[in-house]
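Enquirer: First the structure, then my questions, so here it is.
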Amino acid sequence: MRKHVMSPLFFLAALLSLCVPVSAARADDTVAYQNYLVDLAVKKRLHDERYWHLLLHYKRGVFGLRSLVDDPKFFLAPNGKRDPRAELEATIRAFFQTPIIEDEHPVCKFVARFTWLTEQLAIDEDRLPVKRCKKVDTMLANMKPKSTTLIFPTSHINSPASMYGHTLLIVETATRSKLLAYAINYSAVTGDENFGPLYALKGLFGFYPGYFSVLPYYSKIAEYSDFDFRDMWEYPLTLTEAETRRMMLHVFEMDYIASDYFFFDENCSFKLLFLLELARPTVRLTDDYPFWTIPLDTIRAVHRTGLVDSAIYRPSQVNKIRHIASLMSEDERELAEAVFAGKRPMDDIVKGPLPLEGRIRTVDFLSEYVQYKYSKDDITKAEYSSLFIKTLRARSELGRPELSEYSYVAPPEPTTGHESDRVNLGVGVRGAEFFQEIRYRPSYHALSDFDGGYVRGGQIVLGDVAVRYYDTRNIFVLQYLNAIDIQSISARDRFITPISWKVNTGLFQKVMSDGRDDLVFRLSGGAGAAWDIRVPGLIFFMADLEADAGYKLRYAYCAGVGASVGVLNEVRGTWKYQLGLRYVYFGVGDVHGEFSAFLNQQFRINANNAVSLELKHTITFGYTDSVAGLSYNLFF
């Protein structure tokens, strides 16, 4: 029988193998596992998957694919902003990195990425250095996200950042109470910037950083409904609990991540669309806004996907005040005024001769009105605290809390109005000349347009351009390029007294001293007051300022002051008219006076189709210019 003898070399190799550190073996195994996951991800082409692009906010532009997130902290690969594959590979390897710094590990910082990649690659979590993310677990446990609602605070023309309205999301908890829900908001951080032109300029070119934030919903209600006097619409979405949770995971990983905020496109509404797509990847919402994103347009887009379940109206505090005041008798209104002014005590309401319903209405009105006046800085904090506490005590004494449940009449739901873009095709006559005209307005609503879904008396027109063709002269004429035309005609009443105002600038045709017309650059504005009278309608008066500049003017410019009056009304949703008179005396530069009278009428076919009839008569430098036009309006 042959005896086996161990080779000295084999014995040495075996002995040396026992001396290899266990940690090095494990490290080799970890690297091998990372390589396996990366190879598998590349083989499955996960870097081309739409969900991965949504997680990283990739969009294809003029210069190729890039992420709309600008914060370098958001990327794990040096070229991750433009290279989805490099970012995918770096993300997978980062999940295995050490040392571990609590919840700052990539598994926890990028929890939405980790969750999706684990599903796609079946990552063995036992091989990871992080087993739990306490911060994420705590947030989910506290929030208990169940459902999602899209919120639309309507436009607020007096605030440049909110002229078009705003959108945010609220995540309701297991309690199903909206007041206990969390609001997801994306907004620009502007610091203490309050100089209007600089604010607008920086906002247009992305000089402000934008951040996602999660706040209690009740604080957002106070901000938009009470302080900004804006109605709010709530749109409960059909997202499931699992979809809502998936959306929240991405919100967590966007914490303290900045992106350049652009007022026109990459704004509050556009960024929220990414969250909805991440919640339900089968919907497509971010592909249709190459140049600008208007909040109301995004609400319509969400409607079209079938995500919207219903619409709920929440009136602003101003509308609450006006509604309650409309239910009050004259005695109740006079008593409320006297108590607010300190001329009569609160007991005159509580123990007075008014019927119980009248006393309750008066106290309820005062409660809302005191808050309103304080938010307007019309009363001091001490005055507010004293009077508001008195209204609460008075209301408690009167009892019958059910009588304070008022039925507020909801205006037309915003998406029922016309679309934001408009094109006009028209014909007309100017003096003895016939012309054809085409106009295009990308944004957004004019006073002559029907109000359904928009703020009555509000106008926001940007980039409105009109070109005419005169048959007799065989020429095309740029009639105007209305860069900015904003008007806020807000009705005053006994208790609410807003200022009406307007601002307008752009290029316009103007009759010169030789009787010929030429383009001038115009900057004009005005301020005044308006009153709502059933017949004839919304009447307004404004003091005006205007300055024109053009090389055909004698001194190349003129400036003057004047006044304008007008009336605006909509009859049964089918006929709207706007009548106005204006006179400006240009006493500086090329001295002259300019008088104009106009009548604009629009006849509604349906929400996005209408016919307009416009008449205008102008006297400038003693020359008379009369124009009549008929046009078809298509909103899209």
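Enquirer: Would you confirm, using the coordinates I've provided, whether Asp265 is acidic (Asp, Glu) and at pLDDT 90 or above? Explain how you work it out, then say what you get.
Expert: Numbers: acidic (Asp, Glu): yes; at pLDDT 90 or above: no.
It is false that Asp265 is acidic (Asp, Glu) and at pLDDT 90 or above.
Enquirer: Okay, moving on. Among the candidates Leu150, Leu117, which residue alone is at pLDDT 90 or above, part of a helix (DSSP H, G or I) and at negative phi?
Expert: After applying the criteria, what remains is Leu117.
Enquirer: Inspect the range 504-526 for any residue being surrounded by fewer than 18 Cβ atoms within 10 Å (Cβ to Cβ), closer than 25 Å to Asp231 by Cα and touching a strand residue (DSSP E or B) at 6+ places or on another chain (Cβ under 7 Å) and give the result as yes or no.
Expert: The answer is no, given that none of the residues of the range 504-526 is surrounded by fewer than 18 Cβ atoms within 10 Å (Cβ to Cβ), closer than 25 Å to Asp231 by Cα and touching a strand residue (DSSP E or B) at 6+ places or on another chain (Cβ under 7 Å).
Enquirer: Out of all the residues in the range 394-418, which are assigned to a helix (DSSP H, G or I) and either crowded, with 16+ Cβ neighbours inside 10 Å or free of Cβ contacts under 8 Å to residues at least 24 places away in the same chain (or both)?
Expert: Scanning the range 394-418 gives Ala394, Arg395, Ser396, Leu398, Pro401, Glu402, Pro414, Thr415.
Enquirer: Of everything in the range 125-147 that's free of Cβ contacts under 8 Å to residues at least 12 places away in the same chain and assigned to a loop (DSSP other than H, G, I, E, B), which residue is farthest from Pro442 (Cα to Cα)?
Expert: The qualifying residue farthest from Pro442 (Cα to Cα) is Lys131.
Enquirer: Where in the range 184-300 are the helices (runs of 4 or more DSSP H), entirely inside, with at least 1 residues that are in contact with an Asp or Glu (Cβ under 8 Å, 6 or more places away or on another chain), surrounded by fewer than 20 Cβ atoms within 10 Å (Cβ to Cβ) and among the hydroxyl-bearing types (Ser, Thr, Tyr)?
Expert: Qualifying helices (runs of 4 or more DSSP H): 196-204.
Enquirer: Here's another thing I want to ask about it. Taking Leu519 and the conditions (1) in contact with a His (Cβ under 9 Å, 6 or more places away or on another chain); (2) among the hydrophobic types (A, V, I, L, M, F, W, C); (3) in a strand (DSSP E or B), which numbered condition does it fall short on, given that it satisfies the others?
Expert: (1)
Enquirer: Considering only residues that are surrounded by fewer than 17 Cβ atoms within 10 Å (Cβ to Cβ) and assigned to a strand (DSSP E or B), look in the range 449-472 and name the one that is farthest from the chain's Cα centre (by Cα).
Expert: Among residues in the range 449-472 that are surrounded by fewer than 17 Cβ atoms within 10 Å (Cβ to Cβ) and assigned to a strand (DSSP E or B), the one farthest from the chain's Cα centre (by Cα) is Tyr470.
Enquirer: Any residue that is over 21 Å from Asp514 (Cβ atoms) and modelled with pLDDT under 95 - is there at least one of those in the range 555-567?
Expert: Checked against the condition, which is being over 21 Å from Asp514 (Cβ atoms) and modelled with pLDDT under 95, the range 555-567 yields no hits at all.
Enquirer: Shifting gears a bit: Return the only residue of His105, His166 being crowded, with 18+ Cβ neighbours inside 10 Å, touching a Cys at 6+ places or on another chain (Cβ under 9 Å), not hydrophobic (A, V, I, L, M, F, W, C) and not assigned by TED's automatic domain parsing to the domain that holds Asp231.
Expert: Matching residue, one of His105, His166: His105.
Enquirer: Moving on to the next point. Of (1) under 28 Å from Tyr374 (Cα atoms); (2) in a strand (DSSP E or B), Ile321 satisfies all except one. Which?
Expert: (2)
Enquirer: Counting only residues that are crowded, with 16+ Cβ neighbours inside 10 Å and at pLDDT 95 or above, which one in the range 121-133 is nearest to Leu46 (Cα to Cα)? Let's see the steps before the verdict.
Expert: So in the range 121-133, the residues crowded, with 16+ Cβ neighbours inside 10 Å come out as 121, 123, 128, 130, 133.
From what is left, the residues that are at pLDDT 95 or above are 121, 123.
Details: Leu121: 10, Ile123: 14 Å.
Selected residue: Leu121.
Enquirer: Filter the range 211-240 down to the residues that are within 16 Å of the chain's Cα centre (by Cα), within 13 Å of Ile184 (Cβ to Cβ) and modelled with pLDDT of 90 or more and list them by number.
Expert: Tyr211, Phe212, Ser213
Enquirer: Among the residues of the range 607-615, are any out of contact with any Leu (no Cβ under 7 Å at 6 or more places or on another chain) and under 21 Å from Lys510 (Cα atoms)?
Expert: yes
The values are calculated or read from the model by the stated rules, or taken from the named source; none is laboratory data. Bear in mind that the values here come from a model prediction, so they are computed numbers and not experimental data. Positions of Cβ are generated from backbone atoms using ideal geometry, with glycine treated the same way; all protein chains shown enter the neighbour counts.
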